[in-house]
Every structure is written in structure tokens, then in C-alpha cells.
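Only one structure is covered here, and it is reproduced in the block below.
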Amino acid sequence: MCHVGRRCEPFAPGYSERSRIVRRAARVTVVGESLVDLLWRKGEDQPRAVAGGSPANVAVGLRRLGREVTLVTTRGDDPPGELVRARVEEAGLEVRWMPSSGSTTVALAHLDDSGAARYEFLASWAPDELSVPADTAVIHTGSLAVVLDPGARRVLELCGRQREEGVSVAADLNVRPAVQPDRERYRAAVRRLAAVTDVLKASDEDLGWLYPGQSPERSARRLLAEGPRLVAVTLG
């Protein structure tokens, strides 16, 4: 993994005492989609349904590590939504189900012999509102939740407000061109996200699609110029 960052004081000028208290808190609040992956492996007759979603997976991982974590997400009143609900309950996650007019997102993942996936999405991310626990120290988001409107606008507004109050914001790009194939519009969404985050994570594959022909380090520095304190790139 490579990191591109800037020097910074532990607390920026203007941070209140409340900000310091919030930073000492333990809770990570993950904001973003829960979905069902239909995993269709080459040579098999039918797909296998697995509840997931990048933000939901982060929340489950943090819970397994013993962290205080809350997942802020949506699900539809449909069979995929029931699969999502069962999975997070099994993981023992604290979940805030946000009201939404949308259905549960379903992703069809075509898996090749190596396990690499090509995605197609029946996607919906339309929370009517977003709220986080008062003791949130870090917000994590990314993936479809910062690209698909109307939910993406609400996520960015939430991150901006929380960051102003001293909460740290981290995001994983997890680029999915299948939900937004227009490269320029995807880049614009990424720039808006970078402007409200402290830590931004991307893979070299993410950056290769966003900025073809550029090295991961050069692409990371482009993102760093938009406002994060740290950009981390996974290689391979």
C-alpha cells in the first residue's frame, strides 16, 4: 500500500473542545448501501445470493474486531431486504434503518476462473434522511453511496457537517463503472467526496479507470489536492 499525505496538527485551528471529546470517542459510524450479490461463477447453472455491500462489509468487519460500530443504511420491503436484515442481525450489528422509497440493491457478479468479478447492478440508494449517533468519532462511507443520487447528495452533506464538528471522515472509492459509466461524471463525484474526507482509500484499479494512463501515485496526488489529509492506495 502506498500513502500520499500532508503534514497536519492533531487538531485544526477552530476545532472546539467538543471536537476533542468526539475524537476520543470510540464509535465508527458506517454510512452506505447494503445489497445482495448474486454470485454467478463460470460453469455453474445458477447464481448464489449473498448479502453484502462495501459499507455493510466494513461495518461487519469492524464489529468482528470488537469495535463500537453503527451501520446507517436502507433496505427495501422485499426478499433481498430480508436477506440483508438477517445478515446484519447475525453479525450483531447496531443498525439505523433509514426510511427510503427504494428497493434493495441487487448486484449480479459474473465470476471468472480466478474469482474476479464483472458487475451489473439493479441499484437504488434513496434514503429520505440520514442521522448518526452523537458519540460518532469516525464516519466511513464510499462505493455506490457516494455516486448514486439522491442518496449521494445526502451522504456528502452529512460528511461535510460532521467534519466541521470535528468528526473524522474516511471513504473507500470502490469504483463501480456499471452504476455510472460516464467517466467525467464519476470523477466529479469523486472530487466532491474528496473535499469532505480526511482519509480517502482507492485501489490501483479504481485509479486506473478514473485516470487512464497515469501512475497510481500521480492520481493519488490529484485527489490529495482536493482536500483529504491522506490518500491510501492498495496495489493489487
Quick one: accessible area per residue over the range 27-234, 1.4 Å probe, rounded to a whole number of Å²?
46 Å²
Using DSSP to call loops (not H, G, I, E or B), can you name the trypsin sites (Lys or Arg not before Pro) in the range 31-99 whose Cβ has at most 14 other Cβ atoms within 10 angstrom?
Lys42, Arg67
Suppose each label sits 7 Å from its Cα in the direction of the beta carbon; what would the Arg153-Arg67 distance come out to in nanometres?
3.0 nm
Return the Rg/Rh value of the range 100-195, two decimal places, where both radii are evaluated on C-alpha atoms and Rh is the Kirkwood radius.
1.01
Looking at the square roots a ≥ b ≥ c of the eigenvalues of the Cα gyration tensor of the range 33-73, which shape do they give, rounded for a/c under 1.5, prolate if a/b is larger than b/c, or oblate?
prolate
Give me the Å³ per residue figure for the convex hull around the C-alpha atoms of the range 21-145.
107 Å³
At a 1.4 Å probe radius, carbon and sulfur cover how many percent of the accessible area of the chain?
48 percent
Whole-Å semi-axes of the range 112-166's equivalent ellipsoid, largest first, each the root of 5 times a Cα gyration tensor eigenvalue?
28, 15, 9
In this structure, the FRET efficiency calculated for Arg85 and Ser114 from their beta-carbon separation, with R0 = 30 Å, to the nearest 0.05, is 0.40
So what is the relative contact order for the chain, in percent, with contacts set as C-alpha pairs under 8 Å and at least six apart?
22 percent
Please work out the Cα convex hull volume for the range 141-211 and give it in Å³ per residue.
68 Å³
Which residues' amide hydrogens lie under 5 Å from the amide hydrogen of Leu35, considering only partners 5 or more residues apart or on another chain, with H built in the peptide plane?
Gly52, Gly53
Compute the projected area of the convex hull of the Cα atoms of the range 27-234, averaged over all viewing directions, and report it in nm² to one decimal place.
11.6 nm²
Normalised by the number of residues in the range 159-216, what is the relative contact order in percent for Cα pairs under 8 Å and 6+ residues apart?
41 percent
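The values are calculated or read from the model by the stated rules, or taken from the named source; none is laboratory data. Since we're looking at a predicted model, the values are computed, not measured. Cβ: placed from backbone, ideal geometry, glycine included. Neighbour counts: every protein chain shown. All accessible areas refer to the heavy atoms of the entire protein, side chains included, with ligands and DNA or RNA removed. Shrake-Rupley method; radii C 1.70, N 1.55, O 1.52, S 1.80 Å.
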